[in-house]
1. Please return the ranges of helices (runs of 4 or more DSSP H) entirely within the range A:160-243 where 3 or more residues are over 28 Å from A:Thr136 (Cβ atoms).
2. Which condition number does A:Phe155 fail, the rest of (1) more than 10 Å from chain B (Cβ to nearest Cβ); (2) over 15 Å from B:Phe288 (Cβ atoms); (3) surrounded by fewer than 16 Cβ atoms within 10 Å (Cβ to Cβ) being met?
3. So which of B:Ala272, B:Ala263 is modelled with pLDDT under 90 and within 17 Å of A:Phe155 (Cα to Cα)?
4. Taking the options A:Leu110, A:Leu18, name whichever one is under 30 Å from A:Ser238 (Cα atoms) and assigned by TED's automatic domain parsing to the domain that holds A:Thr133.
5. Six or more apart or on different chains, Cβ under 7 Å: which pairs go from a residue in the range A:286-300 that's closer than 19 Å to A:Phe22 by Cβ to one that's of a type in the set (Gly, Ala, Ser)? Could you list them?
6. Identify all residues within the range A:225-250 that are touching a Phe, Trp or Tyr at 6+ places or on another chain (Cβ under 7 Å) and either at pLDDT 85 or above or more than 9 Å from every other protein chain (Cβ to nearest Cβ) (or both); write none if there are none.
7. Counting just the residues of the range A:251-283 that are more than 7 Å from chain B (Cβ to nearest Cβ), more than 20 Å from A:Leu16 (Cα to Cα) and of a type in the set (A, V, I, L, M), which one comes out surrounded by the most Cβ atoms within 10 Å (Cβ to Cβ)?
8. Among B:Gly127, B:Gly104, which is outside any loop (DSSP other than H, G, I, E, B), within 14 Å of another protein chain (Cβ to nearest Cβ), touching a helix residue (DSSP H, G or I) at 6+ places or on another chain (Cβ under 7 Å) and farther than 30 Å from A:Cys288 by Cβ?
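The values are calculated or read from the model by the stated rules, or taken from the named source; none is laboratory data. Because the structure is predicted, anything quoted here is derived from the model rather than measured. Using ideal geometry, Cβ is built from the backbone for each residue, glycine included, and neighbour counts are taken over all protein chains shown.
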Amino acid sequence: MLRFVLRRLLDIVLVLVLVSFFTTSLVNLMPGSPAFAIYGSALTPQFLANFNQQFGLNHPLFVRYGLWVWHALQGDLGISFQTHFTVASQLGARLPVTAEIAVLALLFSLLIAIPVAMLAATRPGRLIDRMVTGLTSLAQATPAFAAAPILVYLFAVQAKWFQSSGWVPLTQNVGQNLLHAILPVATLVLGVAPIFIRILRGDIVSLLSENFVMVARSRGLPEWYILLRHVLRPASASLITVAGLSFGYLFGGSIIVETFYSLPGVGLLASQAVYNKDLPILAGVVVCVAVVFVIINSLVDLSYGLLDPRVRTSR
Amino acid sequence: MTVTPGETISPAVEGTFDARKRHRGAFRLGAGADRASRRRPKLVITACALWLGLLIVVAVFANVLPISDPSKVIGIPNVNPAWGSQFLGTDAIGRSMVARLAFGARVSFEISILVTLVAMVVGGAIGLLSAFFRGPVTFVADTIANTILSVPGLLLMLAIVVVFHPTIPVLILAIALLYLPGFMRVTRATAISLIEREYVVAARSLGASQFRIIARELLPNTAVALVTYAALALPGAMIAEGGLSYLGFGVQAPTPSWGQMIAQGQQQLNTAPWQVIIPCIVFAITIFALYSVGDWLRARLDVRGTASD
């Protein structure tokens, strides 16, 4: 177990070093100084010199990388090229929005996926199962940027139930906040829930043919009890894996969703940073997201042992 | 019909309603029922194949077909398709929606097919090499793959297009990077299971060179797994390209693309909703068709377990 954890830690450190090195080297990959990309022809030589001096762009790549890591370890992710705010403060201000949207989307996906998958899996090949399969394939085939306009057209333009854009912070007004969150969350749920349903349905169908389910049935236990007690727990291992992996989708989706619904989250920050060629901001976002992603995936790996005793003994 | 082991049903009652009711458990246990339901009806597959065929023909012959130039203003803006004067209407500055969709299909297919090919060739080669040589090659390949996978795909692509101007070759390489790890792992998993097989051992004992073993023994037998994964990667690449174009970092105007059409159309969502709804639906149908035909292909090739990443 210790060996496994150490191995895992080594992998994590290596991956994070590579990711952060890649983001630092973006400046070198860019043709000319980033100041050219931002200010274009309005740039004077004096200004360029100041700019390079201020952001430490005169140092060679490895020195810049060392400095970046040294500062990052102390919580300083640098300063934005454009707004001159610190990257950490920008990220901190926008993280709650993205986190709220992502957590709500994950929660609702699970709430929808578990009953629907059970319903379909206990009636394989029947009408309801085929309907679920058809609808999930259709939803899976609709990427966030195509689902969002359709949702807004149906529920904001036609039905006028929700706002199509804007944001009210959770701390300011809970009801308004949730009302603004519904459509963005629904867009993400449309992408994540079908995957959960498909995986869970497949798992439940194969688990229902296991001997322990037959034993439970022969003991006369009610079907709902078997599903919740004997089937859901082993099925949750793969569900947790997919939930961990869905973080990547949720973040990628949140770039689209936040841009579409103009929510002040990390995703919008990232797409604005690309537009403004604001490399420090983008680097901060990429590294932070990679850290979160890597931690989540490691927790997922560790959770297998907790959920399934067989994994614990074999390791 | 599936029956649990040791259970027999006499043919006389097999088909009756009572028997089915009595053996509902048996129906439920059936793994066979699962397979049947996953397979889509023939009609749907045929429709999907026809749709894709139509799109590809339109994309390839977009220059020759009697449609206007996608960047030419052909009439008044915001013509509603329901008026019937212009099939599928015009966009906010009066360009033909049909022409823009057709030339957008060209960009979508061009990029996603090339992405799949590039990722398949490079990823497959790395996978084969790391299966054959193990050790350091595998370590390096795995670390790079983990690094790519540790950043959400769209964010990684953004980090690439912030530096390089998003021309079509840049987009192809950026999106292909996302699918390298998948192709690599699929190939390696398959190749590792092949290396111990008799024919590979035989080739080795006959003194075949390393290159020959990789190229003539391993490569042809990983082809099915590669094609199966490619069927998944192709729609994924199309979505990735659409997402980038939607954000404005994909192919640049005047070249039209579906993602761009959605982004431009959404500004007219209140007044001219078809400008955004039509490309959305076309996109969704195309992805659905690609997935369906891919599933069908996988079932025909009948690969067990190798394609699930």
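1. Working: elements: A:174-207, A:211-218, A:223-226.
Those helices (runs of 4 or more DSSP H) span A:174-207, A:211-218.
2. (3)
3. Numbers: B:Ala263 fails: within 17 Å of A:Phe155 (Cα to Cα).
Testing whether each residue is modelled with pLDDT under 90 and within 17 Å of A:Phe155 (Cα to Cα) leaves just B:Ala272.
4. Working: A:Leu18 fails: assigned by TED's automatic domain parsing to the domain that holds A:Thr133.
When all the criteria are applied, what remains is A:Leu110.
5. Listed pairs, sorted by first residue: A:Val286/B:Ala159; A:Val287/A:Ser20; A:Ala290/B:Ser150; A:Phe293/A:Gly248; A:Phe293/B:Ser150; A:Val294/B:Ser150; A:Asn297/A:Gly244.
6. Our first condition is that a residue be touching a Phe, Trp or Tyr at 6+ places or on another chain (Cβ under 7 Å); within the range A:225-250, this holds for A:230, A:237, A:239, A:242, A:247-248.
If the condition is that a residue be touching a Phe, Trp or Tyr at 6+ places or on another chain (Cβ under 7 Å) and either at pLDDT 85 or above or more than 9 Å from every other protein chain (Cβ to nearest Cβ) (or both), then A:His230, A:Ala237, A:Leu239, A:Val242 are the ones that fit.
7. A:Val257
8. On the way: B:Gly127 fails: within 14 Å of another protein chain (Cβ to nearest Cβ).
Residue meeting the stated conditions: B:Gly104.
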